[in-house]
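What follows is a single structure, written as structure tokens, with notes after it.
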Amino acid sequence: MKMCEAFSKLGHSVTLYSSPGTDKDPFEYYNIEHRFKLQYCSRPNYGRLGNLLYARNVCNNLIESDVIYSRYIYPMAILQNTGSKLIYEAHQPPGHLFGKSVEKYTYGKESFEVLVTISNSLKNYYTTEFGYDDTDKIITLHDAADPIDESVEKTSLDRATSLHRLQIGYVGSTSKGKGVGFILTLAKHVKDHQFHIVGGSTKEVESMYGDIPSNVACHGYVPNSETGRYIKSFDILLAPYREKVTPANSDQDLSRYMSPLKIFEYMSSGNPMICSDLPVLREVLTHGENCYLADCGDVHEWEQVIRTLENRNIRVEIGNQAYETFVNHHTWERRAQELLNYL
């Protein structure tokens, strides 16, 4: 949705093909202007066969296009002689041999233009595992975010916790690997500040990770269009990724290849971030400049960084540098423009 909006803002005619989601208006849900067309295609619930049938439905509905840009490989494999340039964006290695075979077949097409990877680490995977050494047909575009609108007001945090000097927040999934359990442990070590978890209710967090310390507030699910209000409200933002990060409904480890939307959303706020020191994240983040990086398993190191960030001047300096990095390199429009420049 964000990339489609970015392409349309840059003056191009865009249609997004998708299976139906929830009953909510997706433009409203993602806080996106109605600048492009959204075409729904049915997706039968038949497992992998259903995925292939969905791919065929997409292909049957496609209008004549100069470029077909997809994060879903199967429609691109089916397409034949459309005259369109084909671009595939990979967010992780193929999860099985069939998927790997489909990708290899697609990359061999004369119409295939470029493989986009979201990290240099993932690019290296493709050059090694696929023998994909044609550097003119593989590029890295890290993920991105939108600037938080200046008119967005900070959310009203629970001021019953006003004795806690800093408001320290996490916004995202409560699934394993994202670090919510680590935040609960950290809160027990840093009792004089207030912690917030946006994305899981008290009941959900308790069921997954046990008792919640008294200085942790769980705000539950928040629509994507509302997360900016919380991100702007926190003095310090946390991204405590574990050594193994798995997506929903999969056990595939993404920690080597990911480019999390969260870190760009955090950077867009101008507030300082503490993030797990994973090699792939160093492609974007620089310790002591636009964030603080800490060992994902060392709670004492995270506590020490929080103590450093108790200094408001340091928070402002780190947050400003993060925002500058974001504005110059990691907005959706800049990401879209980089791809268009390549084409």
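Scanning region 313-327 for residues that are open to solvent by 70 Å² or more (accessible area, probe 1.4 Å) and more than 11 Å from ASN271 (Cα to Cα) gives ASN313, GLU324. If you take the residues in region 214-245 that are hydroxyl-bearing (Ser, Thr, Tyr) and without any contact (Cβ under 8 Å) to a residue 60 or more places away in the chain, which one is nearest to ASN290 (Cα to Cα)? Selected residue: THR227. Residue count for region 9-46 under the criterion of being open to solvent by less than 50 Å² (accessible area, probe 1.4 Å) and more than 24 Å from the chain's Cα centre (by Cα): the result is 2. Within region 46-62, the set of residues being in a loop (DSSP other than H, G, I, E, B) and modelled with pLDDT under 90 comprises TYR46 only. Of all residue pairs spaced 6 or more apart or on separate chains, those with beta-carbon atoms under 6 Å, a first member in region 13-28 that is closer than 19 Å to LEU62 by Cβ and a second member that is part of a helix (DSSP H, G or I) and among the polar types (S, T, N, Q) are VAL14/SER8. Within region 237-251, can you find the residues that are under 13 Å from the mean Cα position of the chain (by Cα) and open to solvent by less than 20 Å² (accessible area, probe 1.4 Å)? Residues satisfying the conditions are ALA239, TYR241, VAL245.
Output the number of residues of region 1-32 satisfying the condition of being in a helix (DSSP H, G or I) and touching a Phe, Trp or Tyr at 6+ places or on another chain (Cβ under 8 Å). Spell out how you get there, then give the answer.
The first filter runs over region 1-32 and keeps only residues in a helix (DSSP H, G or I), leaving 2-9, 26-29.
If we keep only those that are touching a Phe, Trp or Tyr at 6+ places or on another chain (Cβ under 8 Å) too, we end up with 2-8.
Matching residues across region 1-32 total 7.
Scan region 94-103 for residues that are surrounded by fewer than 17 Cβ atoms within 10 Å (Cβ to Cβ) and either over 23 Å from VAL280 (Cα atoms) or of a type in the set (A, V, I, L, M) (or both) and report the count. Spell out the reasoning first.
From region 94-103, those surrounded by fewer than 17 Cβ atoms within 10 Å (Cβ to Cβ) are 95-101; that's our starting set.
Imposing the further condition that a residue be either over 23 Å from VAL280 (Cα atoms) or of a type in the set (A, V, I, L, M) (or both) reduces the set to 97-99, 101.
Here the count works out to 4.
Strands (runs of 3 or more DSSP E) fully within region 104-212 that include at least 1 residues being farther than 30 Å from ASN271 by Cα and open to solvent by less than 10 Å² (accessible area, probe 1.4 Å): 112-117, 138-140. When we screen LEU254, LEU278 for residues that are touching a residue at least 12 places away in the same chain (Cβ under 8 Å) and open to solvent by less than 20 Å² (accessible area, probe 1.4 Å), the only hit is LEU278.
Of the residues making up region 261-287, those that are outside any loop (DSSP other than H, G, I, E, B) and more than 14 Å from LEU237 (Cα to Cα) number 6.
The condition of being under 21 Å from ALA336 (Cα atoms), of a type in the set (Lys, Arg), part of a loop (DSSP other than H, G, I, E, B) and touching a residue at least 12 places away in the same chain (Cβ under 8 Å) holds for only one of ARG35, ARG43, that being ARG35. Answer yes if at least one residue in region 159-172 is out of contact with any His (no Cβ under 8 Å at 6 or more places or on another chain) and modelled with pLDDT of 90 or more, and no otherwise. Yes. So which residues in region 288-331 are part of a helix (DSSP H, G or I) and in contact with an Asp or Glu (Cβ under 6 Å, 6 or more places away or on another chain)? Within region 288-331, GLU301, GLN321 meet the criteria.
In summary, LYS262 fulfils each of the numbered conditions (1) among the basic types (Lys, Arg); (2) out of contact with any Pro (no Cβ under 7 Å at 6 or more places or on another chain); (3) open to solvent by 30 Å² or more (accessible area, probe 1.4 Å) with the single exception of condition (3). Taking the numbered list (1) open to solvent by less than 40 Å² (accessible area, probe 1.4 Å); (2) not in a loop (DSSP other than H, G, I, E, B) in turn, SER65 passes all entries but (2).
The values are calculated or read from the model by the stated rules, or taken from the named source; none is laboratory data. Fair warning: this is a prediction, and the values are worked out from it, not measured in the lab. Glycine also receives a Cβ, built like all others from the backbone with ideal geometry; neighbour counts cover every protein chain displayed. What goes into the accessible areas is simple: the full protein's heavy atoms, side chains included, and nothing from ligands, DNA or RNA. Shrake-Rupley method; radii C 1.70, N 1.55, O 1.52, S 1.80 Å.
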